[in-house]
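Let me begin by presenting the structure, written as structure tokens, before commenting on it.
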Amino acid sequence: MPTVLVTGGAGFIGSNFVRHLLTSDPAVSVINFDALTYAGNLANLTDLATHPRYTFIKGDITSRADVRSAMQRGVTDVINFAAESHVDRSIMDSGPFVRTNVLGTQVLLDAAREFNVKTYVQVSTDEVFGSLGPTGYFTEETPLHPNSPYSASKAGADLLVQAYQHTFGLPAVITRCSNNYGPYQFPEKIIPLFITNLLNNEPVPVYGDGQQVRDWIHVLDHCRGVEAAWRKGKSGEVYNFGGRCEMPNLALTKLLLRLLGKPESLIRYVADRPGHDRRYAIDCAKAERELGWSPQVSFDAGLRETIAWYQANAEWVSSIKTGAYRAYYQKQYGKL
């Protein structure tokens with residue numbers, strides 16, 4: 001029976017993946033390994049806290065002692081979601097991004113070698129490819145050209161994974177995905193930030209002219225893709241996942257306004273982000289062909305469900321925005 005170490009399992013995508021794996025496969029046990037930084041929230045998994053095949057360990061992927069202690073619990077596979085991931089924060093201070101995303105990946109890779117894991121999956125991002133013009137798509141062969149400290153740190157981690165696979169024969173695959181949305185996303189990212197602001201009749205900030213284009217994928221489709229890469233992926237390969245749903249940020253903003261019945265007067269145009277990539281778009285044909293994966297959730301249905309989730313979980317949103325969730329973990333686990 002596989003015992004999967006899911007790093008970053010208290011975050012947005014990681015927690016959705018933990019829930020997906022536990023509910024879809026009765027033969028899998030999951031160890032959720034998370035440092036509970038600002039974006040980690042165990043409230044994302046409250047309903048699974050006592051699940052017989054679920055264990056939570058508070059630990060830091062940059063700590064060899066923490067990682068080795070977790071690996072000694074019979075871990076057979078590692079899926080690394082743990083990362084600092086917010087571009088704006090990386091522009092303000094890149095240090096935590098290099099530490100977690102690069103050094104942390106190296107520590108995990110060393111542990112994966114030591115404990116002879118069956119498969120190591122590195123969950124990456126399409127941002128490592130840089131920016132596209134008005135046409136074309138990122139493929140697995142697109143050269144890496146990261147344009148932010150965040151994406152540079154993720155590219156560095158990806159290269160380490162490739163090096164360990166080539167040099168040491170570590171069974172490893174890399175996944176790269178377009179922009180995710182869905183339940184439990186920390187409200188600093190555009191969709192949950194705009195939803196939660198609009199629910200309170202607060203303005204929403206649009207960078208520059210709002211014509212930056214992103215490809216949107218529902219988080220559960222991404223989770224299914226990561227699972228497929230873990231189960232079926234070939235060592236040394238990269239698999240792209242996208243939603244085949246390109247949309248300019250301004251069009252997304254106006255769609256959210258319309259769905260929530262709010263006026264366009266709530267849009268606030270702000271100075272563009274330094275080095276802001278203009279367009280991302282993923283070609284996911286390889287994953288469809290080799291893994292039997294395809295996106296299942298339409299953007300219209302997924303966005304409506306996401307809005308309904310944030311409307312129904314006002315207490316979760318409030319604990320994030322007030323910082324109450326951090327005070328709880330401070331009391332339970334000590335200094336964070």
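Values in this text are rule-based calculations from the coordinates and carry no lab data. On a predicted model such as this, the values are computed, not experimentally measured, just so you know. Here Cβ is always computed from backbone atoms with ideal geometry, including for glycine, and neighbour counts include all displayed protein chains.
Brief remarks on what is shown
- Within the shell of other residues whose beta carbon sits under 13 angstrom from the beta carbon of Thr125, the net charge comes to -2, with Lys and Arg scored +1 and Asp and Glu -1.
- Spatial separation of Cα centroids for segment 92-131 and segment 1-56, in angstrom: 18 Å
- Each principal axis of the Cα cloud of segment 116-194 was taken in turn, and the coordinate range along them, longest first, works out to 45, 32, 21 Å.
- Most fluctuating residue given options Gly104, Gly208, Gly156, as computed from a GNM of the chain linking Cα atoms under 10 Å: Gly208
- Taken along its principal axes, the alpha carbon cloud of segment 201-336 reaches lengths of 46, 44, 32 Å, longest axis first.
- For segment 3-333, the Kirkwood estimate of hydrodynamic radius, built from reciprocal distances between every pair of different alpha carbons, is 20.1 Å.
- Gaussian network model of the chain, Cα within-10 Å springs - most flexible of Ile282, Ile61, Ile320: Ile320
- Given charges at beta-carbon only (K, R positive; D, E negative), |dipole| of segment 3-333 in Debye: 460 debye
- Among Ser94, Ser235, Ser85, the ranking by other beta carbons within 10 Å of each residue's beta carbon, starting with the fewest, stands as Ser235, Ser94, Ser85.
- Put a dot 7 Å past the Cα of Leu103, heading toward its Cβ, do the same for Leu144, and the two dots end up 1.9 nm apart.
- Total formal charge among the other residues, if their Cβ is under 9 angstrom from that of Asn240, Lys/Arg +1 and Asp/Glu -1: -1
- Residues whose amide H comes within less than 5 Å of that of Val206, counting only those at least five positions distant or on another chain, are Arg268, Tyr269, Val270 (H built at 1.01 Å from N in the peptide plane).
- q = 0.09, 0.17, 0.18 Å⁻¹, segment 32-151: log10 I(q)/I(0) [Debye, one scatterer per Cα]: -0.31, -0.98, -1.05
- With 10 Å bins beginning at zero, the pair-distance distribution over Cα atoms of segment 249-304 amounts to 16, 31, 33, 17, 3 %.
- Each other residue within a Cβ distance under 9 Å of Pro96 adds +1 if Lys or Arg and -1 if Asp or Glu, for a net charge of 0.
- Across the chain, Cα pairs under 8 Å and at least six residues apart give a relative contact order of 17 percent.
- GNM top mover of Asn80, Asn41, Asn201 - the chain, alpha-carbon springs below 10 Å: Asn201
- Using θ = phi - 60° in the Karplus curve 6.51 cos²θ - 1.76 cosθ + 1.60, the 3J(HN,Hα) couplings for segment 233-238 round to x, 8, 4, x, 9, 10 Hz; x is entered for Gly and Pro.
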